[in-house]
Structure formats: structure tokens, C-alpha cells
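Notes follow the structure.
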Amino acid sequence: MSDPITVAIVGSGPAGFYTAEALLRSGRAVAVDIVERLPTPYGLIRGGVAPDHQTTKNVTRKYEEVALDPAVRYFGNVEVGRDVSLDELRDAYDAVVLAIGSPFDRPLGIPGEDKKGVYGAAAFVGWYNAHPDFRNLDPALDVHAAAVIGVGNVAIDVARVLVKTPTEMTKADLPDYAARAIQASPLTDVYMFGRRGPNDAKFTNVELREMGELDNCVPQLDAAQLPKTVEGEASDRDRRLKEKNLATLWEFTKRRADEKPKRVHFCFYAAPVAILGGERVEALRLERTQVVAGQARGTGEFFEVPCGLVLPSIGYRGAPLEGAPFDAKAGIVANRDGRVADGLYAVGWIRRGPTGVIATNRPDGVAAAAFIAADFVHGRKPGRPQLEALLASRRVQAISFAEWKKIEAAEIAAAPPGAPRRKFATVADMLALVDES
Ligand SMILES: Cc1cc2nc3c(=O)[nH]c(=O)nc-3n(C[C@H](O)[C@H](O)[C@H](O)COP(=O)(O)OP(=O)(O)OC[C@H]3O[C@@H](n4cnc5c(N)ncnc54)[C@H](O)[C@@H]3O)c2cc1C
């Protein structure tokens, strides 16, 4: 049998796992190593998808089957760019696939963004999902009103997690520190602002409808902002989704503000222009907009909403990785349909930008595996032993998939009644658990 093609996949989110799965199915002999900066796998499935949407996370069972294939090896707690360089990986492996996602918040670009009380979704979602990078965010939740900027599913997640009751969160894996902070908060009103109109909002309907079904919180919306029908060009599928959303939003206009103790206000045609206050946020200043040819244009009419918390949820962006060309404007690794350079490929959010659902990443993995199968008939480079030697020489403690399973078992064992797990929120705690077992 010919030598297997050695492939390093950098990043263990959906795009990384779909690539590994497609390589296993490619008909070529492959040896696939998944290199992940955190001890824990699964990227935004663990650190982004909302803690109260556990069924969405079930897809990891499929990824686990891939990880357990004898041709696949997991190297957790190994960061490319810190523990090993991309050039070193390319020297060791026939092919390297970048699946590193887009982990940073796109800035709003308005004055006041540096005030205490402004937290981008990447940071805030990471905090309530126990992502080690954001464990110490300690957001100031001692506020009565919050402004979420953005009208997509991430914005809805952020708003919902802030207003759900402890009972509604029983089956979630919200970490204790976040649950305590959210429950201690006197927050009663969350405002969601979109620059354009309801037709342009990117909610999926299940997520939107859920906002009308919460125990303690009622949606609010001014009927004057809603069109009677879906306007503009759209594919049949998009039009159906927009019609469903519009019907749901019309239902929201019938809800009374005093029905429940908390409210989420949907506010369209409003562009934030400044975050006001001293050291801390005291209000958000916005300009009313109108939509002309699909673009929001300011009308010159301004208004302010008092709030102590501003949570921009307007999108993510990737960061450059030394050794890979970066398209700074798009915030992605520069690539042509997933090809970056000889033996170097990109998949998922770092290839396309931060859009789409989990399954949207699958075709990227299929395409990268097809490129690799076309570019290599058999392997030439050693792959795994060379990486292991590098890591050993630098005393990097790589976490194997079996060790991750120990972390996972400890999280499940520590889960409060009804909850799926109690997550470790620091790398040190995860490594200590591995070391002592
Ligand atoms: C808040 C939020 C909620 C979402 N909710 C849903 C939902 O409910 N349903 C749905 O279908 N989709 C949801 N999505 C979208 C979905 O999560 C993404 O489509 C998907 O995770 C993108 O996959 P990816 O593999 O490209 O990136 P990621 O999932 O971000 O994975 C990238 C991985 O690379 C690792 N990495 C980064 N840099 C390095 C490095 N230098 N070395 C080694 N490893 C590295 C990261 O730690 C991470 O594990 C959500 C997204 C967000 C942001």
C-alpha cells in the first residue's frame, strides 16, 4: 500500500471536522491530524451556539465518530502560531487545511466603543459559554437596560440568554458564574437595533418565535415599522422565510408591555452613532434611517436610549495567521475557492467569512478534500512523527482525544440536575484534571 497523504487540519470546529470526514471518504489513504488551540474540540459549537440550544450541539456526536477513526489524531492545546508555526506544519505535512474560524468582533466604529459596559458578541457569548479566552470578562450587568446592536440570530441569542429565567435555563450549560451574574442583574429592558428594516433582518423563524414564548419577557415592536408584505427581490426560499418572520413580528405588535416583567424591544431603521457616558456607558445615540436601494441612509433625525450595556452583535472577523496571506478587507485568509497556496487550503469561516449555519461549512470540507485528492496521489512527508517531535522538544502538552473525553466525562459528572454538563472555563483546570487522572 502507498504511503498515506499526511494532512494537518488547523481548528476543530465544524469546518475542520467536515474536512476530516470528507478526507476519510475520499478513497485515498490519509493520515489526518486535527490541531486545536484549546484542549476542547468543536469550536463555536461549544463556545458560540447558545447554552440553551443543546439539540444544535448534538452534531458533535458525528464529529466524534470522525475523531475516533484510526486514521485521525487530535492534538488539543496546540496553537498554530504559538506552539508550532504554519511553516513548520507545511514542512511536516503534505497538506495543511486552515479551519481557524473568525473569532473576533467586527468593531462598530463609533465613538465611545471603549467604555466599560460595551462587549462585542464574540466576547460576551464566549463569556456565557465558558470559553477560556473570556472567562474573566466580568461584564457589568448591574443595569436596567441593554442595547443589542444587530438583528441576526447571534443578537437574538444574546438577548434571550439575558432575559430567560433560571427555570428556562435548567437544561442549559450556562456556567455558574454567568448564571449568577445574569440572575443578579436588575435588567428589565433589552433593545435590539437594526440599521435596515424587518425585511432585511437575518433571524431564522424558530429563534424569532421563541422570543414570543418566554416565561418572563414579552417582545415589543411598533407596528408602524412593519410592512404589510415582504418587499423587494428574494428567492422563493428567502421569501418564505421573510414572510414567516413578518407574520411573527406582526404577532409581536399585539403584545402588551406590562404582560411580563421584562421586555425585548425590536427597533428597526436605527443606526448607532455614538455610545454616551463617562467611563461607563449611560446611553446609546442613534440616527433614524430609511432604506434606499437596499442601503440604510441616515435621515438626520437622532435619538438617545438610556442603557448601561451595549452589546454589538454585528458580525465576526478572522485574524491573520503568520505564513498565510490575509485579505484584511474581507477578514479572511486570501484564497481562491479554498485554495490558498501549494498544499495549503482554507475552509469554513476563515475561507468564506462569518456567515451561514453549521452545515454551510460542509461543502468547504468536501471541496478541500477533493483538492487534496487531486493534488496528491500518495504521501511524501512524514506528518505526525515530525509534529510530535517538535511538540516534545518545546514541552507542549498536547491533549489527545482520549484526554478530552476525560475532561468531558468530568464535566458531565459535575452537571447540575437536568443540565448536560458543567463546563471547565480555564485551560489550567482542564490540564489539572488530565494530569491527575
Ligand atoms: C454566537 C454564535 C451562535 C451560533 N449559533 C448557531 C446555531 O445555533 N446553529 C447553527 O447552525 N450555527 C450557529 N452558528 C454558526 C456556526 O457556529 C459556524 O457556522 C461554525 O462554527 C463555523 O465553523 P468554523 O469551523 O469555520 O469555525 P469555528 O467553529 O470558530 O472553529 C474554529 C476552531 O479553530 C480553532 N483555532 C483558531 N485559531 C487556531 C490556531 N491558531 N491554532 C489552532 N486552532 C485554532 C478555534 O479554537 C476553533 O476551535 C453560530 C455562530 C455564532 C458566532
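Across segment 334-362, what is the total count of residues that are over 28 Å from Val158 (Cα atoms) and either within 10 Å of the ligand (Cβ to nearest atom) or in contact (Cβ under 8 Å) with a residue 60 or more places away in the chain (or both)?
5
Looking at the structure I just gave you, is Thr6 of a type in the set (S, T, N, Q), farther than 30 Å from Asp173 by Cβ and buried (at least 23 other Cβ atoms within 10 Å of the Cβ)?
yes
Quick check on Thr56: is it of a type in the set (Ser, Thr, Tyr), near the ligand (Cβ under 10 Å from one of its atoms), farther than 14 Å from Ile358 by Cβ and under 21 Å from the mean Cα position of the chain (by Cα)?
No: the conditions fail for Thr56.
Pairs needed: first member in segment 142-156, part of a loop (DSSP other than H, G, I, E, B); second member anywhere, within 14 Å of the ligand (Cβ to nearest atom); C-beta distance under 6 Å; at least 6 residues apart or different chains.
Gly150/Ser313; Gly150/Ile314
Just checking, how many residues over segment 413-430 are under 24 Å from Phe124 (Cα atoms) and in a helix (DSSP H, G or I)?
Final tally of qualifying residues: 4.
Out of Gly43, Gly81, Gly47, which single residue is touching a His at 6+ places or on another chain (Cβ under 6 Å), within 11 Å of the ligand (Cβ to nearest atom) and touching a residue at least 24 places away in the same chain (Cβ under 8 Å)?
Gly47
Checking the conditions here, which among Ala99, Ala95, Ala121 is within 27 Å of Val396 (Cα to Cα) and within 14 Å of the ligand (Cβ to nearest atom)?
After ruling out the rest, the residue left standing is Ala99.
Could you figure out which of (1) within 16 Å of the ligand (Cβ to nearest atom); (2) on the phi > 0 side of the Ramachandran plot isn't true of Ser400?
(2)
Applying the selection to segment 195-230, what residues are of a type in the set (Asp, Glu) and surrounded by 14 or more Cβ atoms within 10 Å (Cβ to Cβ)?
Asp200, Glu207, Glu210
Looking only at segment 364-381, which residues are under 27 Å from the mean Cα position of the chain (by Cα) and either surrounded by fewer than 15 Cβ atoms within 10 Å (Cβ to Cβ) or within 7 Å of the ligand (Cβ to nearest atom) (or both)?
Ala370 - this is the single residue of segment 364-381 that is under 27 Å from the mean Cα position of the chain (by Cα) and either surrounded by fewer than 15 Cβ atoms within 10 Å (Cβ to Cβ) or within 7 Å of the ligand (Cβ to nearest atom) (or both).
Take the residues in segment 317-330 that are among the small types (Gly, Ala, Ser), more than 17 Å from Asn361 (Cα to Cα) and touching a residue at least 60 places away in the same chain (Cβ under 8 Å); name whichever of them is surrounded by the most Cβ atoms within 10 Å (Cβ to Cβ).
Ala324
Quick one: in segment 283-294, which of the residues that are without any contact (Cβ under 8 Å) to a residue 24 or more places away in the chain and surrounded by fewer than 12 Cβ atoms within 10 Å (Cβ to Cβ) is farthest from Leu187 (Cα to Cα)?
Per the stated criteria, the residue is Ala293.
Quick grid of which residues meet (1) among the hydrophobic types (A, V, I, L, M, F, W, C); (2) at pLDDT below 95; (3) within 28 Å of Arg209 (Cα to Cα):
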residue	(1), (2), (3)
Gly120	no, no, yes
Ala130	yes, no, yes
Arg135	no, no, no
Leu141	yes, no, yes
Ala155	yes, no, yes
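Using the structure shown, decide if Ile314 is within 16 Å of the ligand (Cβ to nearest atom), assigned to a loop (DSSP other than H, G, I, E, B) and either of a type in the set (Phe, Trp, Tyr) or surrounded by 19 or more Cβ atoms within 10 Å (Cβ to Cβ) (or both).
Yes: the conditions hold for Ile314.
Restricting attention to segment 122-138, does a residue exist that is in contact with a strand residue (DSSP E or B) (Cβ under 6 Å, 6 or more places away or on another chain) and not in a helix (DSSP H, G or I)?
Checked against the condition, which is being in contact with a strand residue (DSSP E or B) (Cβ under 6 Å, 6 or more places away or on another chain) and not in a helix (DSSP H, G or I), segment 122-138 yields no hits at all.
So that you can scan it fast, the table gives a plain yes or no per residue for (1) assigned to a helix (DSSP H, G or I); (2) at pLDDT 95 or above:
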site: Arg180; (1), (2): yes, yes
site: Pro186; (1), (2): no, yes
site: Tyr191; (1), (2): no, yes
site: Glu207; (1), (2): yes, yes
site: Pro219; (1), (2): no, yes
site: Arg237; (1), (2): yes, no
site: Leu241; (1), (2): yes, no
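Determine which single condition Ala410 fails, assuming it passes every other condition in (1) in contact with a helix residue (DSSP H, G or I) (Cβ under 8 Å, 6 or more places away or on another chain); (2) surrounded by 17 or more Cβ atoms within 10 Å (Cβ to Cβ); (3) farther than 25 Å from Arg180 by Cβ; (4) of a type outside the set (Asp, Glu).
(3)
For the structure I just gave you, tell me whether Leu68 is away from the ligand (no atom under 15 Å from the Cβ), of a type in the set (A, V, I, L, M) and either under 22 Å from the mean Cα position of the chain (by Cα) or more than 20 Å from Ala92 (Cβ to Cβ) (or both).
So Leu68 fits the description; yes.
The values are calculated or read from the model by the stated rules, or taken from the named source; none is laboratory data. A quick note: this is a predicted structure, and the numbers were derived from the prediction, not measured. All Cβ positions, even for glycine, are placed from backbone atoms using ideal geometry, and neighbour counts span all protein chains on display.
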